[in-house]
Each structure stands twice: as structure tokens, then as C-alpha cells.
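**Student:** Input: one structure, supplied below.
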Amino acid sequence: MKTEESYLEEVTASEYKYGFYTDIEADKVPPGLNEDVIRLISAKKNEPEWMTEWRLDAYRKFLKMTEPKWPNVSYPEPDLQAISYYSAPKKKKELESLDEVDPELLKTFEKLGISLDEQKRLSGVAMDVVVDSVSVATTFKDKLGELGIIFCSMSDAIQEHPELVKKYLGTVVPKSDNFYAALNSAVFTDGSFCYIPKGVRCPMELSTYFRINEAGTGQFERTLVIADEGSYVSYLEGCTAPTRDENQLHAAVVELVALDDAEIKYSTVQNWYPGNKEGKGGVYNFVTKRGICERNAKISWTQVETGSAVTWKYPSCILKGENSIGEFYSVAVTNNYQQADTGTKMIHLGKNTKSTIISKGICAGKSNGSYRGLVKIGPRAQDARNFSQCDSLLMGSSCGSHTFPYIETQNKSAKVEHEATTSKIGEDQIFYCNQRGIGEEEAIALIVNGYCKDVLNQLPMEFAVEAQKLLAISLEGSVG
Amino acid sequence: MLKINNLQAAIEGKEILKGIDLEVKPGEVHAIMGPNGSGKSTLSSVIAGREDYEVTAGNIDFQGEDLLDLDADERAHKGIFLSFQYPVEIPGVTVTNFIKTAINESRKARGEEAMPANIMLKKMREKMGLLEIDSAFLSRSLNQGFSGGEKKRNEIFQMAMLEPKLAILDETDSGLDIDALRIVANGVNKLKSKDNAIIVITHYQRLLDYIVPDFVHVLHQGKIVKSGDKNLAHELESRGYDWLKEGVEA
């Protein structure tokens with residue numbers, strides 16, 4: 001019989017990939033990737049020897065790998081040698097006032113109900129009130145510090161908490177996990193690090209928002225969240241406001257470690273530039289996200305994906321410890337020519353492990369959305385249980401929705417349930433709403449939000465309200 | 001209030017309404033009866049503004065305005081309400097949320113502020129009492145898993161909340177048992193006033209025992225072939241429609 005470790009390795013080493021592509025006007029390193037470039041990145045970041053070696057090891061593994069072809073998406077393969085892998089954190093060009101900002105962007109801000117100050121921050125307008133947000137961030141940091149919570153950039157963590165980084169980095173997503181994870185391991189420039197000490201309940205939602213000015217996140221972002229025994233943290237990533245980025249390829253890695261009795265709730269709103277209505281441009285978002293649960297631990301992923309031209313993303317849970325719980329709640333919207341292949345993997349290794357998957361796909365325009373999920377019950381996962389629900393909502397008749405559920409059970413006591421539905425927003429539903437005085441766009445927003453309710457309910461309150469508006473905006477003018 | 005002149009309408013090229021004339025004044029209750037396929041539901045859909053139907057001739061005047069120029073939601077804002085024969089399900093949207101959205105969208109269209117939550121709540125309680133609805137009902141998904149009776153009661157509940165000027169009840173009696181029928185009909189009667197009007201579309205006399213019409217019209221092959229008072233409905237009940245059909249077809 002396999003040992004738990006070897007089983008884990010086998011499970012984590014299989015499939016999963018990510019991609020990237022870039023267009024930085026970097027001020028330093030010339031385009032291309034080789035060991036010297038990696039050494040240079042590491043040196044510029046003043047990293048210790050072990051970190052440099054770690055990156056090089058990842059790079060050597062990466063060289064033996066090829067870009068995955070299995071996702072149900074198509075796009076021109078990015079030229080990895082054309083990317084510049086290090087650019088000094090350069091200041092974005094500051095604008096004098098909101099008058100200089102793209103009016104389309106402002107319209108969207110308004111619809112989302114984003115405050116004027118926030119609009120300025122997001123669009124890079126110089127702000128007089130910056131002092132305020134700095135002080136907010138500082139107060140916030142002091143408070144976390146008192147509890148022993150570490151929340152900083154990955155670069156800082158490597159310098160200041162090397163023992164934690166060394167112990168956990170790459171343990172959930174190994175360097176050789178997949179093509180893009182290997183690349184990320186070799187060249188990541190920054191990201192977030194979070195550690196919650198034993199028994200501490202983090203009193204606020206941790207959000208990348210609070211340090212976005214300190215460390216601009218790059219296209220190869222690396223996030224590591226560690227919840228020590230009995231702790232709890234809710235982490236928010238992303239932003240409902242449209243995010244434009246010069247980089248076409250984003251290949252991030254997120255690792256979550258929930259030790260015994262710990263709980264991590266990880267929420268994402270992804271709204272990268274999806275390209276224009278003709279399908280030109282847009283971000284390739286190829287992310288490896290995975291968490292590991294020790295005994296009685298729980299990891300809950302919630303995502304609202306509305307952006308990017310091409311998305312591959314499968315936030316997963318390895319339920320290693322007995323009684324551990326994994327949850328995945330997802331809304332993925334594709335419109336125009338967007339393509340998304342997203343889902344999750346629930347790997348049950350421990351006894352009495354439980355997982356829940358609620359996936360809501362919405363396809364409009366000429367887009368393609370796929371749910372791809374794996375539920376795997378290992379031989380020792382006595383009495384494991386899974387419930388999956390994968391729904392698709394189609395708008396119009398030129399879009400495509402696909403479901404690829406994989407179930408592998410190696411333990412007869414397992415209970416695995418899978419439900420799937422496909423529906424269309426009916427003209428009947430729209431007319432019914434119209435007849436009650438609800439106009440077409442409002443009707444679609446109402447119907448779509450109703451459809452996504454089970455997922456949106458998982459988001460922190462304020463985020464949920466913005467996400468609702470975001471869904472409506474993403475689907476504007478797509479009635480079929 | 002409502003004046004329909006020589007209304008003709010078709011769906012997918014097939015002519016359904018072949019010249020309807022009808023006038024409804026405030027405070028009146030009109031019943032439209034007729035056999036299956038006579039055009040009753042088409043008439044209600046055309047008044048409400050369903051786009052599947054093409055109006056080929058005639059016009060509909062509502063309070064001095066040409067209804068045919070307006071979209072369905074704009075007609076609703078003017079005070080037209082249709083109680084659907086087959087109300088649709090909207091999963092995940094609660095009855096409360098739906099009604100709140102409907103009321104506030106109409107208010108917005110009229111340039112009014114959203115209705116304050118406490119007033120909305122008070123009004124809901126009052127109307128729930130009228131239709132013997134309990135509060136658990138409000139947090140269910142709209143029409144999802146509702147029994148036939150619950151769906152119809154929900155339609156009339158919405159009517160009570162929206163307070164339309166003209167309500168069209170399309171076969172509200174179908175699928176109701178006798179107790180539910182009485183509750184729904186009582187609700188409708190309490191909503192009647194000298195300022196609003198109701199058009200009841202039905203196959204059977206049964207509902208008209210409770211909601212007593214001022215006028216009864218018989219629709220056959222897309223035309224109103226006979227109009228009368230409530231006694232016409234009784235006559236139809238005992239004699240059927242055939243004697244009227246013969247008169248037309250001959």
C-alpha cells in the first residue's frame with residue numbers, strides 16, 4: 001500500500017498548468033529566460049542563497065516540461081523568451097485629475113458605486129488624501145502585529161521570516177507541479193505572505209488591498225497563507241474594479257496551509273481586462289491555487305471570475321487530515337470572446353473528509369466556459385463525502401458551456417454526489433419581469449444574481465454587493 | 001381608461017386576433033370568456049406588450065396614450081398588471097426581493113424615491129393578511145416549487161403590492177381548489193375600487209360567482225362575438241359555446 005506521502009506526491013504532481021506572456025517596458029533585464037536572469041532577479045531582491053538555489057532548481061525542472069494542451073481553450077502560445085522577467089517596481093504614470101482617465105472606465109466605476117477617492121487610487125490619479133490611506137494601513141498593521149499575525153509582501157517575508165518561508169514554500173504546489181507553476185517558482189517577483197499564529201482568530205478580512213501601494217503585484221505573483229493550529233483567517237484577493245494591465249500573461253501560484261483545526265477562507269474577485277468585444281487583447285490568467293488541510297481543518301475557496309481573455313484556474317483542496325473539509329464556490333462569467341476553463345480538485349486522503357463544490361457558469365456572447373473538476377477519494381479516506389453541483393446558464397445561442405467532471409474513488413465507503421443543470425435565461429422570465437415594471441438589464445441582473453446566490457452568499461458582505469453589480473456590468477447588452 | 005379599436009394581431013404570421021373592440025372604464029369588471037384557442041391569452045399578452053406578437057392593425061389607448069408605443073416595462077409603470085396563467089420561476093430571487101425591485105423600478109420610472117423599507121414591510125404585512133399568506137412564503141424563491149394555488153396567490157399578492165390601474169387576470173382560477181379560489185377572489189374584490197378596473201379571463205363561470213363582472217364578452221376565433229351582463233356567463237355555463245359558434249360561422 002502506498003504511504004500517505006507518496007500518494008500525496010502523486011496526486012499533486014499530476015496535471016495542472018498555467019501560462020504567461022508579457023510586455024513590460026522593464027527598466028532592467030532584457031527579455032529572455034536563463035539561469036543568469038534568475039540569478040539576477042534573486043540578486044536584485046537581495047535574496048539569501050537558499051532562495052536563489054530554490055529558484056534555479058525550479059527553472060531546471062521547468063526546462064523539462066511542456067505547456068499543457070488539455071484545457072478546453074485556444075490561444076496563440078506565448079513566447080516566453082520575449083518576456084522581460086524583472087522590472088524594478090516602477091511608478092505608474094500619475095495623472096493630474098480624473099479628466100485624464102478613460103471615460104469608459106469612469107462609467108464602470110460609477111456603476112460599481114466606487115467612491116471618488118477610490119476611483120482616483122485605482123486609476124492612478126495623484127491623491128491629496130493619500131495620507132489617510134497610509135495611516136489606515138498603518139493602524140491596521142499595528143493591530144495585526146499585536147496578535148502576532150504576519151502579513152507582508154513575499155519579498156519581505158523571505159528577508160524577515162525565512163524559517164517560515166523555507167518550511168512551507170512549495171509544499172502545497174511543488175516546483176515541478178506543472179509548467180506554469182515551475183515557471184512561477186523560478187521567476188516570481190513578489191506576492192503576499194500571511195501567517196496566523198496558533199489559536200488566533202484574525203479579526204478582519206485580510207486583503208491585498210491594504211498593501212497594494214507598497215508592493216505592486218507582478219504577473220508572476222506568489223502567495224503563501226499559513227494558518228497555524230486552531231487559527232482562522234479570511235483572505236480577500238482582487239478587486240471588483242476593472243483591472244488593466246500591460247502584462248498579457250499572468251501565472252500566479254497561491255498556496256494555503258491549514259494546520260490542525262485551522263480554517264482559511266479565501267475569496268477572489270478576478271476582473272482583469274478581458275479583451276475588446278472582437279476578442280482582441282486581454283489577459284491570459286493561468287493560476288495554480290491549492291490548499292492543504294490537516295486534521296479537522298477547513299479551506300473554503302470562493303471565486304467570482306469575470307475578467308481575462310483566457311482563464312485556467314482550479315483552486316483545489318488536499319484533504320489530508322481526518323475530518324477536514326474543503327469547499328469551492330465559483331461563479332465564472334464569460335462574454336464576447338472570453339474563454340474560461342475553471343473548476344476545482346478535491347483530493348480526499350483522510351478519514352471522514354468532506355467536500356462541497358458549487359459551480360455556476362454563465363456564458364454569453366461568443367464565449368466558451370468549461371467546468372473541470374476532479375473528486376478523488378483515496379484508499380484510506382474512509383467515509384469521505386462529496387457533493388458537487390455544476391450549473392450553467394446560457395445567454396444567447398452563440399456561446400458554449402461544457403462540464404468535465406472526473407470522479408475517482410478508491411474507497412467503497414465514499415459517497416459522491418454530482419448534480420448538473422443547464423439553463424437559459426428565458427424570454428418568459430424576462431417578459432415576466434418586464435410586466436412587473438423591471439426593465440431588461442435590471443431583469444437580467446436580478447435573474448443572474450438569483451442564479452449565483454449560493455456563491456455570492458459566501459463572500460464577505462461588502463464584497464458581495466460589489467460582485468453583484470459586477471456581474472450585471474459584465475453581462476450588459478448580452479441578452480439573447 | 002382602456003379603449004381597444006379594431007385590434008388585430010398575429011404570431012409567426014398566423015393571425016390570432018381579428019378585430020377586437022373593447023372599452024373598459026374605471027371601476028368596471030369585465031370578463032372575457034371563450035373556448036380554447038379563441039385568442040383570450042393572446043389578447044392579454046398584446047395588452048401587456050409581449051414582443052412575440054405582431055400587431056397588424058388597430059390601436060390600444062390607455063388613459064389617452066397609445067400603448068403600442070410603449071415597451072412592456074413602460075406599460076407596467078403606467079399601471080397595467082397581468083396575472084399570468086403560468087407564472088415563471090426565478091430561482092434564487094425571493095418573493096420579497098422581486099416585489100421590492102418591481103415596486104422601486106416603477107417608482108424610479110415615475111421619478112420617485114425608493115419606497116422606505118419600513119413602509120414596504122408594513123404594506124407587505126397588510127396584503128399578506130388579505131391573501132392569507134404566511135411570512136415564510138416571502139423568503140422562498142419566486143414560484144420555485146410553488147403549488148398551483150401558491151403561484152396564483154403570489155400573482156394576486158403582487159397585484160396587491162403594485163396597485164395597478166388595470167389588472168388582467170389570465171385564467172387565475174385554473175389550478176385552484178375551491179378554498180384557494182375563494183381566498184384569491186376575496187383578495188381581488190378587496191382590491192377593487194372606483195378608480196381601477198379588472199379584466200378577468202376565464203373558461204368557467206365558477207370564478208365569476210366570486211368576482212362578479214359588470215360585463216361579459218365572448219371571444220371566438222379572434223373576435224368578440226357577444227357581449228352582455230353577468231347573466232351571459234350563466235347562459236354559457238348551461239348552454240356551452242356551440243350556439244355562439246354556429247351564429248358566427250354560419
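**Student:** Whole-Hz Karplus ³J(HN,Hα) for the range A:154-160, in order, using 6.51 cos²θ - 1.76 cosθ + 1.60 and θ = phi - 60°, x for Gly and Pro?
**Tutor:** So the Karplus estimates, Gly and Pro as x, are 4, 4, 5, 4, 4, 6, 9 Hz.
**Student:** Suppose R0 equals 35 Å; then what is the FRET efficiency for residue B:229 and residue B:190 from their Cβ-Cβ distance, rounded to the nearest 0.05?
**Tutor:** 0.95
**Student:** Another question, if that's okay. Once the piece of chain linking residue A:66 and residue A:406 is laid out straight, how much longer is it, given 0.36 nm per residue of separation minus the C-alpha distance between them?
**Tutor:** 120.1 nm
**Student:** Which links in B:78/B:152; B:14/B:194; B:123/B:152 stretch past 26 Å when you go from one Cα to the other?
**Tutor:** Over 26 Å Cα-Cα: B:14/B:194.
**Student:** While we're looking at this one, here's another question. Let me confirm one metric for peptide A:36-49, namely the mean number of other chain beta-carbon atoms within 10 Å of its residues' beta-carbons.
**Tutor:** Average neighbour count from other chains, rounded to a whole number: 0.
**Student:** Additional query: Give me the distance in nm between label points sitting 7 Å out from Cα along the Cα-to-Cβ direction at residue A:36 and residue A:204, one decimal.
**Tutor:** It works out to 4.6 nm between the two label points.
**Student:** As an exercise, use a Förster radius of 56 Å and the Cβ-Cβ distance of residue B:54 and residue A:163 to find the FRET efficiency, rounded to the nearest 0.05.
**Tutor:** In this case the efficiency is close to 0.15.
**Student:** Moving on. Using the charge dipole of the range A:345-441 (Lys, Arg: +1 at Cβ; Asp, Glu: -1 at Cβ; taken about the Cα centre), state which of A:404, A:425, A:353 has its Cα farthest towards the positive end.
**Tutor:** Looking along the dipole axis, the top candidate is A:353.
**Student:** Let me ask another. When the chain is fully extended, how far beyond the present Cα-Cα distance does residue B:115 get from residue B:204, taking 0.36 nm per residue of separation?
**Tutor:** 28.2 nm
**Student:** Rounded, prolate or oblate for the range B:140-250? Axes are the square roots of the Cα gyration tensor eigenvalues, ordered a ≥ b ≥ c, and the cut-off for rounded is a/c under 1.5.
**Tutor:** prolate
**Student:** Pairs of Cα atoms under 8 Å, at least six residues apart: use those to get the relative contact order of the range A:254-326, whole percent.
**Tutor:** 39 percent.
**Student:** Counting only DSSP beta bridges with both residues in the range A:285-420, what percent are antiparallel, rounded to the nearest 5?
**Tutor:** Around 0 percent antiparallel, to the nearest 5.
**Student:** Then there's this: In what sequence, largest accessible area first, do B:101, A:171 appear using a 1.4 Å probe?
**Tutor:** A:171, B:101
**Student:** Hey, can you grab everything whose amide H is under 5 Å from the amide H of residue B:223? Only 5+ residues off in sequence or another chain; H modelled, so Pro and N-termini drop out.
**Tutor:** Here B:18 satisfy the definition.
**Student:** Roughly speaking, what is the centre-to-centre gap between the range B:147-224 and the range A:422-463 when only Cα atoms are used, to the nearest Å?
**Tutor:** Centre-to-centre distance over Cα atoms comes out at 28 Å.
**Student:** Related question: Sorted by accessible area with a 1.4 angstrom probe, largest first, how do B:75, B:50 fall?
**Tutor:** B:50, B:75
**Student:** Taking θ as phi - 60°, what are the ³J(HN,Hα) couplings along the range B:85-91 by the Karplus curve (6.51, -1.76, 1.60), each to the nearest whole Hz, with x for Gly and Pro?
**Tutor:** For the range B:85-91, the Karplus-derived couplings read 5, 10, x, 8, 8, 10, x Hz, x marking Gly and Pro.
**Student:** Skipping prolines and chain starts, which residues have an amide H placed within reach, meaning under 5 Å, of the one on residue A:389, given they are 5 or more residues away or on another chain?
**Tutor:** Under 5 Å from the amide H of residue A:389 lie the amide H atoms of A:357, A:358, A:359, A:419, each far enough along the sequence or on another chain.
**Student:** Describe numerically, in nm with one decimal, the distance between label points set 7 Å from Cα along Cα→Cβ at residue B:61 and at residue B:122.
**Tutor:** Inter-label distance under the simple model: 3.9 nm.
**Student:** Right, another one. Once you place label points 7 Å from the Cα toward the Cβ at residue A:420 and residue A:79, how far apart are they in nm?
**Tutor:** Inter-label distance under the simple model: 3.9 nm.
**Student:** Taking every residue in B:81-92, how many Cβ atoms of other protein chains lie within 10 Å of its Cβ, on average?
**Tutor:** Counting Cβ atoms of other protein chains within 10 Å of each residue's Cβ and averaging gives 5.
**Student:** For residue A:366, give me every one of the lysines with a C-alpha distance below 27 angstrom, ignoring sequence neighbours fewer than eight places off in its own chain.
**Tutor:** A:17, A:69, A:107, A:111, A:277, A:280, A:313, A:424, A:453, A:469
**Student:** Could you tally the net charge around residue A:365, taking each other residue with its Cβ under 15 Å from the Cβ of residue A:365, Lys/Arg +1 and Asp/Glu -1?
**Tutor:** Overall, the nearby charge balance is +2.
**Student:** Cα gyration tensor of the range B:102-202, axes a ≥ b ≥ c as square roots of the eigenvalues: rounded (a/c below 1.5), prolate (a/b > b/c) or oblate?
**Tutor:** oblate
**Student:** Suppose every Lys and Arg Cβ carries +1 and every Asp and Glu Cβ carries -1, with no other charges. What dipole size does the range B:127-250 come out with about its Cα centre, to the nearest 20 debye?
**Tutor:** For this selection, approximately 320 debye.
**Student:** Taking a cut-off of 20 Å between Cα atoms, list the lysines near residue A:354, but don't count ones fewer than 8 places away on the same chain.
**Tutor:** A:265, A:289, A:298, A:320, A:345, A:376, A:412, A:415
**Student:** Now, a different point. In terms of modelled amide H atoms, which long-range or inter-chain residues lie less than 5 Å from the amide H of residue B:168?
**Tutor:** Excluding prolines and chain starts, which carry no amide H, the hits are B:81, B:82, B:83, B:199.
**Student:** Among B:79, B:162, B:130, whose Cα sits farthest toward the positive end of the charge dipole of the range B:2-249 (+1 at Cβ of Lys/Arg, -1 at Cβ of Asp/Glu, about the Cα centre)?
**Tutor:** B:130
**Student:** Moving on to the next point. Among rounded, prolate and oblate, which fits the range A:378-480 when a ≥ b ≥ c are the square roots of the eigenvalues of its C-alpha gyration tensor, a/c under 1.5 means rounded, and a/b larger than b/c means prolate?
**Tutor:** prolate
**Student:** Kindly write out, for the range B:15-25 in residue order, the coupling ³J(HN,Hα) from the Karplus curve 6.51 cos²θ - 1.76 cosθ + 1.60 (θ = phi - 60°), rounded to whole Hz, with x marking Gly and Pro.
**Tutor:** Karplus-based 3J(HN,Hα) across the range B:15-25 equals 6, 10, 9, 10, x, 9, 10, 7, 10, 10, 9 Hz.
**Student:** Relative contact order for chain B using alpha-carbon pairs under 8 Å, separation at least 6, rounded to a whole percent?
**Tutor:** Once divided by the residue count of chain B, the mean separation gives 28 percent.
**Student:** Just reorder B:15, B:28 by solvent-accessible area, largest first, 1.4 Å probe, all chains present.
**Tutor:** Descending accessible area places them as B:15, B:28.
The values are calculated or read from the model by the stated rules, or taken from the named source; none is laboratory data. Keep in mind that what you see is a predicted model, and the values were worked out from it rather than measured. Here Cβ is always computed from backbone atoms with ideal geometry, including for glycine, and neighbour counts include all displayed protein chains. Please note that ligands, DNA and RNA were not included when accessible areas were found on the heavy atoms of the full protein model with its side chains. Shrake-Rupley method; radii C 1.70, N 1.55, O 1.52, S 1.80 Å.
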